[in-house]
Every structure is written in structure tokens, then in C-alpha cells.
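Reviewing the structure listed below.
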Amino acid sequence: MNLSTKKFLEEYPTNIKILEFKWKKLKGILDLSRFTELEELDFEGNNIESIENLPSSIKKINCSHNSIVS
């Protein structure tokens, strides 16, 4: 079963610094517009196709094993 990325992210508070969700079978577009203070992002092993609204506060990203196209 694939989870809705949008619905999954709604479970997290908007002021988090670290967002980690590995191997959750998420797919589609990762919209980070709600996470303006995010510094670390780790979503290894999903089926994310693109990232939107990446905050300027980001320092570290692990997006290996996804379907991101530049």
C-alpha cells in the first residue's frame, strides 16, 4: 500500500528541525512549504518524484533510493 505524502506530512508539527521517514512507501511530490525551520531531511527508500518548496534553512538531505528526476 502506498501512503499519501501530503497526508503523511500533516502528522508532523511545522516547526521541526529534523524530518526523517525512511522506507515508508511514500510516492509522488514532497511539498515542504509547511516546514520553514527544517534543517535535516531524510526520506531514503520511498518513491518520491520531486521536492517542492525546499526551505532555505536546510543543511542536510538524504534522498537515496527514490525516483527523483532533476
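Data table
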| item | result |
| --- | --- |
| Dipole magnitude of the chain about its Cα centre (Cβ charges: Lys, Arg +1; Asp, Glu -1), debye to nearest 20 | 160 debye |
| Potential lengthening between Val69 and Asp42 on full extension [0.36 nm per residue; Cα-Cα distance subtracted] | 8.0 nm |
| Per-selection metrics, the chain (Cα): Rg and Dmax in Å | 11.0, 32 |
| Convex hull projection area averaged over all views, segment 3-43, Cα basis, nm² | 2.6 nm² |
| Contact order relative to length of segment 5-70, as percent, for alpha carbon pairs under 8 angstrom and 6 or more apart | 31 percent |
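Only the coordinates and a few stated rules stand behind these numbers; no lab work does. Treat the numbers as computed from the prediction; the structure is a model and nothing was measured. Counting neighbours? That spans all protein chains shown, and the Cβs are built from the backbone with ideal geometry, glycine included.
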